[in-house]
1. Quick check: residue separation of Asp61 and Glu37 times 0.36 nm, minus the Cα distance between them. What number comes out in nm?
2. If amide H atoms are built 1.01 Å from N in the plane of the peptide, which residues on other chains or at least 5 residues away come under 5 Å of the amide H of Trp183?
3. Counting helices only, and only those DSSP H runs with n ≥ 4, report the 222 nm mean residue ellipticity of the chain as the sum of -39,500 (n - 2.57) divided by its residues, in deg cm²/dmol to the nearest 500.
4. Using the Cα centre as the reference, give the magnitude of the dipole from point charges on the C-beta atoms of the range 2-78 (Lys, Arg: +1; Asp, Glu: -1; all else neutral), rounded to the nearest 20 debye.
5. If you count the DSSP beta bridges with both ends in the chain, what percent of them are antiparallel, to the nearest 5?
6. Can you give me the three principal axis dimensions of the range 40-82 from its C-alpha atoms, in Å, biggest first?
7. For the chain, give the magnitude of the charge dipole about the Cα centre (Cβ charges: +1 Lys/Arg, -1 Asp/Glu; no others), in debye to the nearest 20.
8. Which whole-number percent is the relative contact order of the chain (Cα, under 8 Å, 6+ apart)?
Amino acid sequence: MLELYHYDHSTAAQKIRIALAEKHLEWTSHHLDTSVEKREHFSPEYLKINPRGIVPTLVHDGKAIRESQVILEYLDDAFPEPPLRPASAYDKARMRLWTKLVDEALHVHSRIVGMCIVVRHAKAAAGPVELEKYLKEMPETVRERNDRVNLEKGLDSPLLPESVAYFKKVFEDMNAELAESTWLAGDTFSLADISLGVYVTRLKSFQMAPLWEHMTHLNEWYGRFIARPSYEEGVIKWGDKTTAKRKSYGMEAFGKVSELWNAG
């Protein structure tokens, strides 16, 4: 039995739902309310299976698997057909160079960008008392510290320029790679495409797509990615209750983010 603890617009959860759809697996949904007010991901029950208090967590026959990149590899080991890793050792290495980026820095930078552009508005709306409870309940001090800075400074956060520059470099590298192959790790769709594709979705939801409109190969690849039935199942089907706010706040932030993007 497969169970997934997740929430709708989490990039990390989107990856897992896409992979589950690619493998045509049935699973039970446990949708968590991660709002400042509810904080279900900080509940004692959830912290028992994920001490970091983050989503997603996959539970397979009673055993918890944490961290989205680890879960993706686990799914391909536990349910090898159809495979989501390339056949050749070389292409597997190419794939892992991309997925390695997510754990090394990309996911952290994604949180910083999202917090500075959009999320700070939603969290601030909960009021200072609830927000302070939310921050103090965070199991991880580094994440709490970063969030405090970004909530206070917003688009003027000292952390934002590095994060925007990092995304620009990754997108440029992806565009160059995709000039030579259909997918990020060769000619077959893989965990690399799932792992990186959802971050393009995230930035597009913030109305940032004009920043990379000239990256032809990246945009064509993204078109292939979102055309897959698994994207419909893993992303579109779950919706995003923050869509309107992402669009509005993203449009407000575009000038500043564009300035940072073009600074390098």
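1. Fully extending the segment from Asp61 to Glu37 adds 5.5 nm.
2. Thr188
3. Details: 13 runs with 148 residues, N = 264.
For the chain, the value works out to -17000 deg cm²/dmol.
4. On the way: 9 positive and 13 negative charges, 45 e Å.
Computed charge dipole of the range 2-78: roughly 220 debye.
5. Values: 9 of 13 bridges.
Close to 70 percent.
6. Answer, in whole Å and largest first: 36, 19, 12 Å.
7. Values: 35 positive and 39 negative charges, 119 e Å.
Value, rounded to 20: 580 debye.
8. Numbers: 325 pairs, mean separation 67.6, N = 264.
Relative CO of the chain lands at 26 percent.
Just so you know, all these numbers are worked out from the coordinates, no wet-lab data involved. Just so we're clear, the structure is a prediction, and the values are computed from it rather than from any experiment. For neighbour counting, all protein chains shown are included, and Cβ atoms are generated from backbone atoms with ideal geometry for every residue, glycine included.
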